[in-house]
Amino acid sequence: MGFFDRVKSFFGFDSPEVDFGDDRLNQIWEELEGEVPRGQKDSFIDDAVEAFQAAYVDTDIDDDARAAARSEFEALCSQYSVDIADFDWDAWRDWYNSQ
């Protein structure tokens with residue numbers, strides 16, 4: 001943990017931790033989360049983690065619900081000025097194919 005991370009943690013400015021139960025998936029998420037503008041990370045996490053789970057992680061979801069969740073997630077990314085093209089799709093495919 002770097003100096004600024006320790007300072008933020010000390011003063012209670014840490015964003016909530018998101019844990020999908022898989023270190024590689026958590027890393028993919030954290031890289032995307034790093035694109036969120038400063039001061040908006042908590043709101044993005046609160047709004048987007050459920051849509052991300054349904055859109056890209058859950059395997060027991062029907063195609064229409066998955067498509068709706070992906071649309072919702074991409075809209076949230078746009079709302080928080082995150083370019084969905086910055087998502088690490090190669091790492092995502094590697095993770096998904098290993099499941």
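The values are calculated or read from the model by the stated rules, or taken from the named source; none is laboratory data. Note that the structure is predicted; figures quoted are calculated from it, not measured. Positions of Cβ are generated from backbone atoms using ideal geometry, with glycine treated the same way; all protein chains shown enter the neighbour counts.
Structural remarks
- Checking each residue of the stretch 44-59 against the condition of being outside any helix (DSSP H, G or I) and either among the polar types (S, T, N, Q) or modelled with pLDDT of 85 or more (or both) gives at least one match.
- Residue match in the stretch 54-67 (condition: among the hydroxyl-bearing types (Ser, Thr, Tyr) and crowded, with 17+ Cβ neighbours inside 10 Å): yes
- Boolean, GLU72 is under 12 Å from the mean Cα position of the chain (by Cα) and either in contact (Cβ under 8 Å) with a residue 60 or more places away in the chain or surrounded by 12 or more Cβ atoms within 10 Å (Cβ to Cβ) (or both): no
- Candidate set: the stretch 17-48, residues that are among the acidic types (Asp, Glu) and closer than 13 Å to PHE73 by Cα; chosen: the one nearest to the chain's Cα centre (by Cα): GLU33
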